[in-house]
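Participant: Before anything else, here's the structure in question.
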Amino acid sequence: MITDNFRTGLATHLAAVYQKAKIGVGGNSTNPLTTDLDVPIVNVEASASQSDNNVIEFKFTVTGASIAGYTIRELGIFNKQYNNGAGTTIAEYTELLTRIPFEGIGPFASGEDVDFYVTIEVE
């Protein structure tokens, strides 16, 4: 069991650090040892906010021009560049929080946009 205060602190850290996303065309099952998408094609900025003490909502938009002609099948939430508690700078896109494979959608026209919403609850 973790305490409510730690749960809230962990959610706050995730919302502050994980503000990048990738979209890809790979679609096989997720391996917990993976550090990237299977076949990434585009990187985007993600916004993260806490909707409750322990719930983080990630939102990002992908322009059709960046995925035109693709059928996308996976997304991942990644870290922005930050300094860890040991004083080391962690480069962006080096820590994968979650990879979500899904049924393929697309192909897209260059004038279309796709919005993604990912909700994570710290238990």
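Here, each number is a calculation from the coordinates, and none is a lab measurement. Bear in mind that the values here come from a model prediction, so they are computed numbers and not experimental data. Positions of Cβ are backbone-derived with ideal geometry, glycine not excepted, and every protein chain shown enters the neighbour counts.
Participant: Provide the per-residue ³J(HN,Hα) series for the stretch 105-120, in order, calculated from phi with Karplus coefficients 6.51, -1.76, 1.60 and θ = phi - 60°, each as a whole number of Hz, with x at glycine and proline positions.
Facilitator: Once rounded to whole Hz, the list reads 10, x, x, 10, 8, 5, x, 8, 10, 10, 9, 10, 10, 10, 10, 10.
Participant: Over the Cα atoms of the stretch 1-69, what is the Rg over Rh ratio if Rh follows Kirkwood?
Facilitator: With Rh from the inverse mean 1/r over Cα pairs, Rg/Rh is 1.07.
Participant: Length gain on complete extension for the stretch LYS59 to ASN43, per 0.36 nm per residue less the alpha carbon to alpha carbon distance?
Facilitator: Going from the current span to full extension adds 4.4 nm.
Participant: Still on this structure, I have one more. Just the number, please: percent antiparallel of the DSSP beta bridges in the chain, rounded to the nearest 5.
Facilitator: The answer is about 95 percent antiparallel.
Participant: Given charges of +1 on the Cβ of Lys and Arg and -1 on the Cβ of Asp and Glu, with all other atoms neutral, how large is the dipole of the chain about its Cα centre, in debye to the nearest 20?
Facilitator: Computed charge dipole of the chain: roughly 240 debye.
Participant: Would you mind checking the tilt of helix 4-17 against the longest principal axis of the Cα atoms of the chain, expressed as 0 to 90 degrees and rounded to 10?
Facilitator: 40 degrees
Participant: Would you mind estimating how fast the chain diffuses translationally, via Stokes-Einstein at 10 °C and 1.306 mPa s with the Kirkwood radius over Cα pairs, in µm²/s?
Facilitator: Answer, rounded: 104 µm²/s.
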